[in-house]
Every structure is written in structure tokens, then in C-alpha cells.
Amino acid sequence: MDSTSIYLSGFGIRPSIQRIAIMRYLQNHKTHPTADEVFEALREDIPTLSKTTVYNTLKLFVDNGAALYVGIDEKNARFDGNLEPHTHFRCKKCGAITDIPMNVEDFLPKEFNGDIDEFYIYLKGLCAQCKSNSNSKNIVY
């Protein structure tokens, strides 16, 4: 059993060829892909893969805590295989979404004694590359 199979099993997900490939793609591509992007990237290697399988598998991953749904892009559902505490930054010009490490405790009052099981903060602006470009008129919202 490989590490991706063990990872999925740890979340109560039965590994299959398609599930392993989709999870590996999420973990190896930090671009926060859409379901369509995952499908397009994998369909040549897995000819039997369908868009429905990709959508259902990503939903399974999110529902079981093996991946994150990233709602920062108003036009597309995006997914993230990084479960470490972090937030997302989306550049309004180029649309790139990047991870920013973040500690949840930094945002809680000292007297907070509850349990946090979900944490979402989305930041938007211009990435360093777009900021340094003098022609920043084509902003994507």
C-alpha cells in the first residue's frame, strides 16, 4: 500500500486508482485546481475517468476532511490538498491563488476555550509580480 492509499484510508476513504490519482494531483499541484482542471490533467492517463467521477471524488475528499474546498474564486469551486493551517491569497489581476501559512490561535481571544474544526480567511489584492507590473489595469474580480 503506497502513501496516498494510506492517507486516504486514514480518512475512511477506500483507495481506488481514480481516487489515488486525484489525491496525488491535489497534493502535487499547489494551484488550487478546479474539478475540470483535475479532469483535463488526468484523463489521458486514465481514459475511463469521467468528469462525474472527478466531481464526486472531490466532494468525497472534502466531506471526509481529506481535502479542502476553496471558495475564494467566485466563478469556480477550487480544491486544495494542503491540510496544514493556512489561508489563501487571490491576485485580482492574474487570478493566481497561493497559500499563506497562518496560525488559527493568532485570531482567537485568549479566553476562547472552544474547538475549531474549520478556518477560512481569504485575502485578495495584487501579487508581487502583478504589483511590480506598471500596467495593472486588467483586474479580475
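The values are calculated or read from the model by the stated rules, or taken from the named source; none is laboratory data. Computed from a predicted structure; not experimentally measured. For neighbour counting, all protein chains shown are included, and Cβ atoms are generated from backbone atoms with ideal geometry for every residue, glycine included. These area figures cover heavy atoms from the full protein model, side chains too; ligands, DNA and RNA do not enter into them. Shrake-Rupley method; radii C 1.70, N 1.55, O 1.52, S 1.80 Å.
For the range 57-72, residues that are buried (at least 21 other Cβ atoms within 10 Å of the Cβ), touching a residue at least 40 places away in the same chain (Cβ under 8 Å) and assigned to a helix (DSSP H, G or I) total 1.
Among the residues of the range 3-43, write down those that are small (Gly, Ala, Ser), within 27 Å of Ala96 (Cβ to Cβ) and open to solvent by 10 Å² or more (accessible area, probe 1.4 Å). Ala21, Ala41, listed by residue number. Lys93 passes every criterion in (1) in a loop (DSSP other than H, G, I, E, B); (2) farther than 15 Å from Pro33 by Cα; (3) charged (D, E, K, R); (4) free of Cβ contacts under 8 Å to residues at least 24 places away in the same chain apart from (4).
I want to confirm something. Restricting to the range 74-90 and keeping residues that are in a loop (DSSP other than H, G, I, E, B) and in contact with a Ser or Thr (Cβ under 8 Å, 6 or more places away or on another chain), which single residue is least open to solvent (accessible area, probe 1.4 Å)? Outline the logic, then answer.
Of the residues in the range 74-90, the ones in a loop (DSSP other than H, G, I, E, B) are 74-77, 81-85.
Still in the list and also in contact with a Ser or Thr (Cβ under 8 Å, 6 or more places away or on another chain): 76-77.
Details: Asn76: 68, Ala77: 44 Å².
For the range 74-90, the residue satisfying everything is Ala77.
Restricting attention to the range 91-119, the residues being open to solvent by less than 80 Å² (accessible area, probe 1.4 Å), over 24 Å from Asp63 (Cα atoms) and not hydrophobic (A, V, I, L, M, F, W, C) number 4. Here the range 120-138 is the region considered, the condition is being out of contact with any strand residue (DSSP E or B) (no Cβ under 9 Å at 6 or more places or on another chain) and at pLDDT below 85, and the residue that is least open to solvent (accessible area, probe 1.4 Å) is Ser136.
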